[in-house]
Amino acid sequence: MKSLFSINKAICLAISLGALVSFSSQATANKSNDDSAAKKLYEQYCQSCHGVDRLGAMGPALLPENLARFRKNKAIKVINKGRAATQMPAFSQTLNKAEIASLVDYIYTPSKVSLTWTVADINASKVQHFDQSKLPNEAQFDADLMNLFIVVELGDHSATLLNGDTFERLDRFKTRFALHGGPKYSPDGRFVFFASRDGWISKYDIYNRKTVSEVRAAINTRNIAISNDGKYLIVGNYLPNNVVILNTSNLSPLKVIDAKDKDGNSSRVSAVYNAPPRYSFIVALKDVKEVWEIPYSDKGGVEVFKGWAHDYKNEAKAEGWKVAKQFPVRRIKTDDYLNDFFFDPDYINLIGTARNSHNGQVINLDTKKKVASIGLTGMPHLGSGITWNYQDKEVFASPNIKEGKITVIDMENWHIIKEIETEGPGFFMRSHSKSRYAWTDVFFGPNNDKVHVIDKSTLAIVKTLAPAPGKNAAHVEFTKDGKYVLLSVWDMEGELIVYDADTLEIVKRMPMKKPSGKYNVYNKINYERGTSH
Ligand code: DHE
C-alpha cells in the first residue's frame, strides 16, 4: 500500500510551488542571503512543505518564535522519525546525524525576513475578481440550493460544486494552495469562504459560480469561522500570532487582535470557532493557558454577557471602550494548554485537549471553571467528534489520531461509556440525525483504506468497507436528508463515492484529484449534529 507520506512528499512540492507564487512581495524582497549548508538542506528537504524562508505552507512555520514550546531534542526526534498524525515524514534514512543537527540549529535561528503582516499588508493584498453588486442575486442554475456540496480537491488545489440530488458537477474551480479546515458558508448558503494554510481567504459566490474576492489575512493560517449573521469572518493564525476579523462583504480587516496572554506572552492560535447561541467566537491558543471568547454582536452582549458583564466591562475599560466594544476579548484561564476543542450543543461547556496531555478538560464557558476531567489516552481529535442520543443520553464520540479507537462519552457526567476498537487511528467521524449510523475512517497505518460504520444505538461496528483497496478512504458527509453518504478516496487518482446511507450500497463513483473534505450547505448552516461546525 502506498504510504500517505510518499504521496504527500509529491504534493508538498506542488504546494511549495504554489506558496512561491502566492508569497507576498514583501517577504520576497526581504529574502535572506544566508547560503549556509543547513539552509541548502532546508531548501532541499523541508521547504516544499514548510515554505520559503521557513514561513510555513502545508507544514507549520519553522522559526524560533513558533518553536518556543518545542525543545531541540524533540525536534531532532521528529526529523528522524516523522510526526504522528501529521504529514511529516521520517528522515532518518535520508539524512545523517550531523545534517539533522545542523537543520535543527538552522530552524532555531531567528529569521532575517520580516515576520510582520500588518493591516496595510492585508489591505494591499486584496484581489477583487468581480464586482459583487453587478452579479445577479439569483442562482444561475437549477438545483436545490440547500442540498449543494463543496468538495475540496487537494490534489490539484481545486474545489467542486456538486448537486446533492443528482451528484453532478455544477462547477470546478481553482482554489488557493493547501486549503485547510472547513470552508464556511454565509447563513443563506450563497457564499462560501475558504482559508489556505498560507493565509489566503477566498470568497466564492455559489449563485454565480465565481470567486469574487480574495485577501491574504496572514502569513500562516489555521482556519476560519463565520458569525451567525454572516457579517464577520475570524481568521486564526500561527504567523503572526493573532486573529484577524474580516468584514465578509468586502473582506476588509475590521480588527487584528494579537494573541497574548494577560502577562503579554505571545501564542500561536490553534483554531477559531463560532459559538452560535453565544453570538461569539471562541479562540484556541496553542502556547498559553487561556481560551478566548470574542463576542461579535450586541445581542450576545445582552443575552450572553448576563452573568459576566463585569469581566466585559473591565476588559473593555482596559482596551478603551470604543475599540473594545466591538470584539472585546474575554479571557478564560485554563489549568493546561488546550488546543483541540469540542462544544456541547448549547455551547455552555467546552471540551478541550492538548496534543501531549492525557486528559480532556471540560470548562464551563459561563463560569470559566473546570467542571470535569476526562481520562482520554492517545490523541483524541475532538474537533472531528459528533454527538447523538444513545439510551436517552446525549453522547459525544471522538476519533483518535494516535490509537485505533473511538471514545464515546456521556455528556451528562463526562464518563467514558465505551471505547470502540477500530483498525487504526482515524481522523474524521460523521453522521446525520436521520441516519442510524456513524462513519469513521482509519486514516493512519496499514488499514487506511478502511472505513467503519457504527450503529449509534448499539455502539458496535456493523460494517467495515474498503471502497478502493490500497487507497486511503477518509472523511464522509451526508446529504441534506441524510439518505446518502459521500466518501473520499483520498488519493491523486482518487474518487468521490456516494453510498446509500441505509443499505450501504454504492450509488455512484466520480473520479477526483485527492478529494479531502466535503461540506453540505444545509447541514453546515443548520449546525446539523452529525457534522463539524
Ligand atoms: Fe486538519 C479541520 C487541525 C492535519 C484535513 N483540522 C481541522 C480543524 C482543526 C484542524 C482545528 C477544524 C477547523 C475548522 O472546522 O475550520 N489538522 C489540524 C491539526 O492540528 C493537524 C493534526 C496538524 C496540522 O498540520 O495542522 C491537522 N488536517 C490535517 C491533515 O493532515 C489533513 C488530513 C490534510 C490537510 O488538509 O492538511 C487535514 N482538517 C482537515 C480537513 C478539515 C480539518 C479536511 C475539515 C473537516 C470538516 O469536515 O470540517
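Starting with the highest mean, order 362-369, 196-203, 129-136, 272-279 by the number of other Cβ atoms within 10 Å, averaged over the residues of each peptide. Show your work: numbers first, answer last.
Working: 362-369: 16.8, 196-203: 25.5, 129-136: 11.1, 272-279: 21.4.
The packing order, highest mean first, is 196-203, 272-279, 362-369, 129-136.
Give the residues of the range 43-69 whose amide nitrogen is closer than 17 Å to a point set 7 Å from the Cα of TYR108 in the direction of its Cβ.
62-69
Once every DSSP H run of n ≥ 4 in the chain is given -39500 (n - 2.57) and the sum is divided by its residues, what mean residue ellipticity at 222 nm do you get, rounded to the nearest 500 deg cm²/dmol?
Values: 11 runs with 88 residues, N = 533.
Rounded to the nearest 500, the figure is -4500 deg cm²/dmol.
What is the percent carbon and sulfur in the accessible area of the chain, measuring with a 1.4 Å probe over the protein chains and ignoring ligands? Walk me through the numbers on the way to the answer.
Values: 10930 of 21350 Å².
Reported share for carbon and sulfur atoms: 51 percent.
In Å², what does the accessible area per residue of the chain work out to with a 1.4 Å probe?
Working: 21350 Å² over 533 residues.
That works out to 40 Å² per residue.
Taking the Cβ of ALA284 as the centre, find all other residues whose Cβ is under 10 Å away and add up their charges (Lys, Arg: +1; Asp, Glu: -1).
Values: positive: ARG222, ARG268, LYS286; negative: GLU290, ASP340.
It works out to a net charge of +1.
Could you order peptides 413-422, 98-107, 47-56 by the average number of other Cβ atoms within 10 Å of their residues, highest first? The partial results should precede the final answer.
On the way: 413-422: 15.5, 98-107: 17.6, 47-56: 24.8.
With the highest mean Cβ count within 10 Å placed first, the list reads 47-56, 98-107, 413-422.
Rounded if a/c is under 1.5, else prolate if a/b beats b/c, else oblate: with a ≥ b ≥ c from the C-alpha gyration tensor eigenvalues square-rooted, which is the range 227-294?
Taking the square roots of the gyration eigenvalues as a ≥ b ≥ c, the range 227-294 is oblate.
Could you give me D for the range 169-255, from Stokes-Einstein at 25 °C and 0.890 mPa s, where the hydrodynamic radius is the Kirkwood radius over C-alpha pairs? Units µm² s⁻¹, please.
Values: Rh = 12.8 Å.
The Stokes-Einstein estimate is 192 µm²/s.
Hey, quick one: spin label on LYS77, modelled 7 Å out along Cα-Cβ, who in the range 369-406 has an amide N within reach, i.e. under 11 Å?
none
From the square roots a ≥ b ≥ c of the eigenvalues of the alpha-carbon gyration tensor of the range 106-185, which class results: rounded (a/c under 1.5), prolate (a/b over b/c), or oblate?
Values: a/c = 3.56, a/b = 1.79, b/c = 1.99.
In terms of gyration-tensor shape, oblate.
Under 13 Å from the Cβ of THR387, count the other residues' Cβ atoms, weight Lys and Arg +1, Asp and Glu -1, and hand me the total.
Numbers: positive: LYS393, ARG430, LYS456, ARG529; negative: ASP344, ASP346, GLU394, ASP410, GLU412, GLU528.
In short, -2.
Span-like helices, the chain: DSSP H, alpha-carbon axial extent 30 Å or more, mean Kyte-Doolittle -1.0 or greater, which ones? Walk me through the numbers before you get to the answer.
Working: long enough: none.
Helix filter hits for the chain: none.
Around VAL215, under 14 Å between beta carbons, what's the net of Lys plus Arg minus Asp minus Glu among the other residues? Mind showing how you got there, number by number?
On the way: positive: LYS126, ARG176, LYS203, ARG216; negative: ASP121, ASP198, GLU214.
Value of the local net charge: +1.
Mind running the shape call on the chain? Use the C-alpha gyration tensor, a ≥ b ≥ c as the square roots of the eigenvalues: rounded below 1.5 for a/c, prolate if a/b tops b/c, oblate otherwise. All intermediate terms of the calculation are to be shown ahead of the outcome.
Working: a/c = 1.19, a/b = 1.08, b/c = 1.10.
Here the chain falls in the rounded category.
Please list, by residue number, everything in the range 497-533 whose backbone N is under 16 Å from a paramagnetic label point 7 Å out along Cα→Cβ of ASP144.
Answer for the range 497-533: 499-502, 519-526, 528.
The values are calculated or read from the model by the stated rules, or taken from the named source; none is laboratory data. What you see is a predicted model, and the numbers here were worked out from it, not measured in a lab. Reconstructed Cβ throughout: ideal geometry from the backbone, glycine too, with neighbour counts over all protein chains shown. What goes into the accessible areas is simple: the full protein's heavy atoms, side chains included, and nothing from ligands, DNA or RNA. Shrake-Rupley method; radii C 1.70, N 1.55, O 1.52, S 1.80 Å.
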